[in-house]
1. According to a simple spin-label model (label point 7 Å from Cα along Cα-to-Cβ), what is the distance in nm between S6 and T44?
2. Per residue, how much accessible area does the chain show when a 1.4 Å probe rolls over the protein heavy atoms, in square angstrom?
3. Order 20-26, 1-7 from most to least packed using the mean count of other Cβ atoms within 10 Å.
4. For the stretch 4-46, what relative contact order do you get, as a whole percent, if you take Cα pairs closer than 8 Å and at least 6 residues apart?
5. From the phi of every residue in the stretch 38-44, what ³J(HN,Hα) in whole Hz does the Karplus formula 6.51 cos²θ - 1.76 cosθ + 1.60 yield, where θ is phi - 60° and glycine or proline is x?
6. Starting from the amide H of F23, placed 1.01 Å from N in the peptide plane, find each other amide H under 5 Å away whose residue is 5 or more places distant or on another chain.
7. Is there a quick way to get the dipole size of the stretch 4-46? I mean about its Cα centre, with the Cβ of Lys and Arg at +1 and of Asp and Glu at -1; what is the value in debye to the nearest 20?
8. Under the Karplus relation 6.51 cos²θ - 1.76 cosθ + 1.60, θ = phi - 60°, what is the ordered set of whole-Hz ³J(HN,Hα) values for the stretch 20-26, x standing for Gly and Pro?
Amino acid sequence: MKINKSIGCTVNECKYHAKDDSFCSLDHINVVKHSNRATSQEATDCGSFEAE
Ligand code: SF4
């Protein structure tokens with residue numbers, strides 16, 4: 001599996017996770033927010049996540 005070392009990620013439940021390494025395998029991801037104005041880290045997320 002390809003590893004993108006520019007995108008570190010610990011979400012190993014995602015089908016794009018590199019598993020043995022804490023990285024994403026996609027060329028790019030879409031980061032999203034959950035409200036009109038993000039005011040904390042928890043208000044943001046990976047919009048490219050897909051469950052295995
Ligand atoms: S798509 Fe998002 S959640 Fe999934 S491995 Fe990549 S960065 Fe992590």
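1. Spacing of the two 7 Å Cα→Cβ label points: 1.6 nm.
2. Here the residues of the chain average 79 Å² of exposed surface.
3. Details: 20-26: 16.4, 1-7: 12.7.
In descending order of packing, they fall as 20-26, 1-7.
4. Computed value for the stretch 4-46: 29 percent relative contact order.
5. Karplus values, whole Hz, x for Gly and Pro: 6, 10, 7, 4, 5, 7, 10.
6. HN-HN under 5 Å from F23: C9, A18.
7. On the way: 5 positive and 6 negative charges, 30 e Å.
Using only the charged Cβ atoms, the result is roughly 140 debye.
8. 5, 10, 8, 9, 8, 9, 7
The values are calculated or read from the model by the stated rules, or taken from the named source; none is laboratory data. This one's a predicted model, so the numbers in the text were calculated from it and none came from an experiment. Positions of Cβ are backbone-derived with ideal geometry, glycine not excepted, and every protein chain shown enters the neighbour counts. All accessible areas refer to the heavy atoms of the entire protein, side chains included, with ligands and DNA or RNA removed. Shrake-Rupley method; radii C 1.70, N 1.55, O 1.52, S 1.80 Å.
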